[in-house]
Amino acid sequence: QSKREFIEYTSSSINTKGKHAWLYGRFEIRAKIQTESGLWPAIWFLGEEGEWPKNGEIDLMEYYRGMILANAAWATNDRNKALWDDKKIPMAYFNDVNWQEKFHIWRMDWDEEFIKLYLDDELLNTIDLSQTINPRGVILRNPFHQPQYLLLNLAIGGIQGGDPSSTDFPAQY
């Protein structure tokens, strides 16, 4: 921030770290997101123990650059490099010019064997937890067998969000 004279945008988030975390269950979030350039909304979870990506990341919803994503990530042998089970769905798939003006329901069904990610009751991705194993030497062998805390955020700009300069603000999520 010291390199910029003015900060032109402010992001926002809700984070339950240290307040509440969950181990398995069904999660449903009803939300309306904007899809203009530079906006990067997400509904995601991180494991309570360990550093990223060893702690595991579940992206129930992530949007950027014209794509809806449904992902999970865990560690590789290279520190700070994740292995991703990801699905990217282009907005054109939904064939609805009014999509961003409607509320949608994102759902995660998570048990000991699978994480299933849905949008409006359509299964987007199934993550097989028998495959989400951190490398040898990592105490937390499977990050998705530990409690995860929730993050809801609307990031602005950045590598994934893109250039927000042509977007009218304020943006809502």
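Out of the residues in the range 9-38 that are open to solvent by 30 Å² or more (accessible area, probe 1.4 Å) and in contact with an Asp or Glu (Cβ under 7 Å, 6 or more places away or on another chain), which is nearest to Pro170 (Cα to Cα)?
Only one residue tops the list, namely Ser37.
Hey, among Pro41, Pro53, which residue is over 30 Å from Phe169 (Cβ atoms), open to solvent by less than 90 Å² (accessible area, probe 1.4 Å) and within 17 Å of the chain's Cα centre (by Cα)?
Pro53
With respect to Lys102, is the statement that it is farther than 17 Å from Gln172 by Cα, modelled with pLDDT of 95 or more and open to solvent by 80 Å² or more (accessible area, probe 1.4 Å) true?
no
Could we say that Leu123 is among the hydrophobic types (A, V, I, L, M, F, W, C) and open to solvent by 60 Å² or more (accessible area, probe 1.4 Å) here?
yes
Please go through the range 120-173 and pick out each residue that is free of Cβ contacts under 8 Å to residues at least 24 places away in the same chain and closer than 24 Å to Arg30 by Cβ.
Of everything in the range 120-173, those that are free of Cβ contacts under 8 Å to residues at least 24 places away in the same chain and closer than 24 Å to Arg30 by Cβ turn out to be Asp120, Asp121, Glu122, Leu123, Thr126, Pro170.
Quick one: how many residues across the range 126-151 are open to solvent by 40 Å² or more (accessible area, probe 1.4 Å) and at pLDDT below 95?
Qualifying residue count, the range 126-151: 5.
The values are calculated or read from the model by the stated rules, or taken from the named source; none is laboratory data. Keep in mind that this is a model prediction, so the values were computed, not measured. Cβ sites come from the backbone with ideal geometry, for glycine too, and all protein chains shown count toward neighbours. Side chains are part of the model used for accessible areas, which takes the heavy atoms of the whole protein and leaves out ligands, DNA and RNA. Shrake-Rupley method; radii C 1.70, N 1.55, O 1.52, S 1.80 Å.
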